[in-house]
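Engineer: Here it is: the structure, laid out below.
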Amino acid sequence: MQLRKTTFIAGLLTALYGAAVGIAADTPPAGAVAQAANAVQAKDAAQAKDAPAPGSPGDTLTREDARMAYLVYKLLGKDGKIKGANLKRGEKLFYQNCRPCHGEDGRRVNVNPTGRPIYIGQRAREDMPTFWYQMNFGDEARNMEPYYDEISLEDMKDIAGYAQTLP
């Protein structure tokens, strides 16, 4: 991550230096910048119109990106709660799928072993994107199995909603 930041900053500084030298050497004619901006906007609009449908062969989102986007744009309310979760069903599904490892109340496993204890109820309430990702794709460092292919999206939504009610 640090390497990416360093590379980005070096590239940005190089671009700024090049822009400063270019501006000093020759200033484009009046209207050329606006013309270029209009061309870019037209190209962007054409690409958006021709964008592949989600899930189609031309769609390049990874399954992780698609599942996380679904959470952010469809499931997560402004209050941070899962919209439309059936909590009774989520409780039943939690007991079937999660209780063996996480316990009755979700406090058998500390999901933050290097700091103050955090259990899945708190993680689900305070950091749903991380909770959602770990439930879907697992977390090797914490021995959490991925359930993307085993638990349906509707079931995950209900489990996540119920998990937000746990201590």
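Nothing in this text is a laboratory measurement; each read-out follows from the coordinates by a stated rule. As the structure is a computational prediction, the values presented were derived from the model and not from experiment. Here the Cβ is made from the backbone with ideal geometry for all residues, glycine too, and neighbour counts use every protein chain on show.
Engineer: Take the Cα gyration tensor of region 57-98, multiply each eigenvalue by 5, square-root it, and list the three semi-axes largest first, rounded to whole angstrom.
Structural biologist: Semi-axis lengths for region 57-98 are 25, 15, 7 Å.
Engineer: If you don't mind, there's one more thing I want to ask. Compute the orientation-averaged projected area for region 127-167 from the convex hull of its Cα atoms and round it to one decimal in nm². Numbers along the way, then the final one.
Structural biologist: Values: hull surface 12.0 nm².
Convex hull of Cα atoms, orientation-averaged projection: 3.0 nm².
Engineer: So, one more: Taking R0 as 30 Å, what FRET efficiency do you get between Asn112 and Ser56 from their Cβ-Cβ distance, rounded to the nearest 0.05? Intermediate values should be presented prior to the final figure.
Structural biologist: Numbers: r = 39 Å, r/R0 = 1.30.
Result of the calculation: an efficiency of 0.15.
Engineer: Going by Cα centres, region 55-127 and region 133-167 are how many Å apart?
Structural biologist: 5 Å
Engineer: Take the Cβ-Cβ distance between Lys74 and Glu126 as r, set R0 to 22 Å, and report the resulting FRET efficiency rounded to the nearest 0.05.
Structural biologist: Taking R0 as 22 Å, the efficiency between Lys74 and Glu126 is 0.60.
Engineer: Still on this model: Using 0.36 nm per residue of separation minus the Cα-Cα distance, give me the extension gain between Asp149 and Leu87 in nm, one decimal.
Structural biologist: Using 0.36 nm per residue and subtracting the Cα-Cα distance, I get 20.1 nm.
Engineer: Still on this structure, I have one more. Can you pull the percent of Cα pairs in region 63-163 with separation above 21 Å?
Structural biologist: Of all Cα-Cα pairs in region 63-163, 26 percent lie more than 21 Å apart.
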